[in-house]
1. What is the Cα centroid distance between the range 153-178 and the range 269-295, reported in whole angstrom?
2. Evaluate the distance, in nm, between pseudo-label points positioned 7 Å from the Cα of Thr153 and of Ala189 along their respective Cα→Cβ axes.
3. Rounding to the nearest 20 debye, state how big the charge dipole of the range 145-202 is about its Cα centre with +1 on each Lys and Arg Cβ and -1 on each Asp and Glu Cβ.
4. Give, in nm to one decimal, the length gained when the segment between Glu368 and Leu218 is fully stretched (0.36 nm per residue of separation minus the Cα-Cα distance).
5. Can you give the net charge of the other residues whose Cβ lies under 10 Å from the Cβ of Phe240, counting K and R as +1 and D and E as -1?
6. Fully extended, how many nm does the chain gain between Lys198 and Asp351 (0.36 nm per residue separation, minus their Cα-Cα distance)?
7. What does the charge dipole of the range 212-301 about its Cα centre add up to, to the nearest 20 debye, if the Cβ of each Lys and Arg holds +1 and the Cβ of each Asp and Glu holds -1?
8. With the dipole of the range 145-202 worked out from charges on the C-beta (+1 for Lys and Arg, -1 for Asp and Glu) around the Cα centre, which of Ser184, Ala157, Pro199 lies farthest toward the positive end?
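Nothing in this text is a laboratory measurement; each read-out follows from the coordinates by a stated rule. Everything quoted here is computed from the prediction, not taken from an experiment. All Cβ positions, glycine included, derive from the backbone under ideal geometry; neighbour counts span all protein chains shown.
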Amino acid sequence: MTKRQDMEKNSRPPLMAGYDEVLTGMAELLESARRTAARATNAIMTATYWEIGRRIVEFEQGGKERAQYGKALLQRLAADLSEKFGRGFSVDNLETMRIFYQTYTNICSTLSGEKSETLSRKFTVNDIAGKFPLPWSHYVLLARRPHSSEARTFYEAEALRGGWTVRQLARQIDSQFYERTALSRNKAAMLKKGAVPKPEDAVTPEEEIKDPFVLEFLGLKDEYSESDLEEALIQQLESFLLELGSDFAFIGRQRRLRIGDEWYRVDLLFFHRRLRCLLIIDLKLGRFTHADAGQMHLYLNYAREHWTHTDENPPVGLILCAQKDHALAHYALEGLPNKVLAAEYRTALPDEKLLADELERTRRMLEERTTAYSGREHGKK
């Protein structure tokens, strides 16, 4: 709970008899409604993506010429669909839809008992949705990762039976749960043990609603931070960098990217006009670790491939650590193609100490402002 939420809680009127039961019931009702809404959206989304995959495959099968230009088709579709509908239609996502359809081609025959490649045209998306009881994120894992048909059927059945979240499904696949169960002498005990979720598997109703797949499908924005402090720091840093001069052009905040089956966010994304490169900024509220550097290089590799234009220089990363009573700023320049370019970057970009000092000054200012506000609220009581 943030300090602001804590202050608001302390200023609430006293409870009445039976209030806790009423609040608990309403909370359960809302959580149930949110989960139901997310699952309904997921079912429609999954069926829609299956149908898109089918149309891609059938178009490619329309002749040798089309099959030869399969990648070009996805690139053209990605550009046109993104222009019309926004996020969610990258080449990688369309390829996932294509693989998903190929993995579950026989869904048409299960609808009517007949076999026909074009049979699905007789059915609506709602008809097909009933055949996909798991969320889209589950099918992405099952379709993109190498599985035998037996393993895939096993994971589908167990995920449905145990109500696995996508995190639990990913953990079971990574730990080769199917293979271990097949080799076990006591399969019933293995299945019972595997059905028990771990704390890190939990997905809250808020996370279900804010699932990046769902938000993309509905065309909703996904811009939120984990804490008020982080959000305030990011806003102040954004303003500070823009005040340094006209070289920085702001592109976006909380920019999402997907690598494999995982979603990531970069806190701030700028373009440096003089260097002609993207600047990725990642803010950490704790101390700097080697994992932070590794994650930044992951972002840079993705940005170099997907966000950088042909006439631009490679992107550069800036890691800002705002540990209490200590701030650190570090540029990730190791991935640049030559030392001359790295030196030019060093000359043009703000000094790391200047950024660290600004980060620490901003944090102190925010904490003092919060303390002063808290003191005024307590004085009113």
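1. So the separation of the two Cα centres works out to 35 Å.
2. Simple spin-label model gives 2.7 nm for this pair.
3. So the magnitude is around 200 debye.
4. Working: separation 150, 0.36 × 150 = 54.00 nm, distance 4.01 nm.
The Glu368-Leu218 span can extend by a further 50.0 nm.
5. Numbers: positive: Arg361; negative: Glu238, Glu243, Glu358.
Charge balance near Phe240 sits at -2.
6. On the way: separation 153, 0.36 × 153 = 55.08 nm, distance 4.40 nm.
Extra length from Lys198 to Asp351 when fully extended: 50.7 nm.
7. Numbers: 11 positive and 15 negative charges, 88 e Å.
Dipole of the range 212-301, to the nearest 20 debye: 420 debye.
8. My answer, from the dipole projection, is Ser184.
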